[in-house]
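In what follows, a structure is listed as structure tokens, so that the remarks can point back to it.
We did not get these values from a lab; they are worked out from the coordinates using the rules stated. What you are looking at is a predicted structure, and each value in this text was computed from that prediction instead of being measured. Cβ coordinates were reconstructed from backbone atoms using ideal geometry, including for glycine residues, and neighbour counts include every protein chain displayed.
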Amino acid sequence: MKFGQVDNPEEIDFKLPPDHKDTGKMLSENKKDKPFKVYVGCAKWNKTDLKNFYPKGTKDELAYYSSQFNSIELNATFYNAPSREQVLIWKEKTPADFRFFPKLTNSISHFKRLIDVQPVVEEFCDAVAAFDKKLGMVFFADA
């Protein structure tokens, strides 16, 4: 089996599990005077992974991507912690309501195994804090 592919997709049960008993209660308590906001996006925006998504001649993939989606998972930050300067570049290329959901870098979670990571965590947090209002939840990947 190739990663992300299965031989017989028709044999997979795609039914969603039953809602948790508190889901209905939580949704009914949602402020009805505010619209329910959902963020939809991919793990990355590069042309290789999103083949045929970008119109021919697209010069800035992030700018185009953010015109089609309102968020991104930012899988790239798992492999390389971004600099504050890089975060500011990404931030400036996206609309005001766009959200970035970065993954904590693997140097913290996998290589250092959460041991003696305070300086690296602070550096990562300082960088992603530059997203300001565009920062969504930070992911911690365990695999």
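So what's the net charge close to Q118: Lys and Arg +1, Asp and Glu -1, counting the other residues with Cβ under 15 Å from its Cβ? The answer is -2.
Excluding A81 itself, calculate the net charge of residues whose Cβ lies under 15 Å from the Cβ of A81, where each Lys or Arg counts +1 and each Asp or Glu counts -1. Working shown, then result.
Working: positive: R84, K103, K112; negative: E85, E122, E123, D126.
My count for the surroundings of A81 gives -1.
Normalised by the number of residues in the chain, the mean separation of alpha-carbon contacts (under 8 Å, six or more apart) gives a relative contact order of 21 percent.
Note on the range 48-138: Cα Rg divided by 2.2 N^0.38 Å, N the number of residues, gives 1.17.
Packing around the peptides 71-82, 117-128, 11-22, taken as the average count of other Cβ atoms within 10 Å per residue, puts them in this order, highest first: 71-82, 117-128, 11-22. Helical runs (DSSP H, four residues minimum) scored at -39500 (n - 2.57) apiece and divided by the length of the chain put the mean residue ellipticity at 222 nm at -7000 deg cm²/dmol. Electrostatic bookkeeping for K134 treats Lys and Arg as +1 and Asp and Glu as -1; over the other residues with beta carbon under 12 Å from its beta carbon, the sum is +1.
Spatially, the range 50-98 and the range 5-48 are offset by 22 Å when compared through their Cα centroids. Remark on A141: its backbone amide H falls under 5 Å from those of L104, a criterion applied only to residues 5 or more positions apart or on other chains, H modelled at 1.01 Å from N. Springs between Cα atoms under 10 Å define the GNM used for the chain, and in it the highest mean-square fluctuation of R84, R99, R113 occurs at R113.
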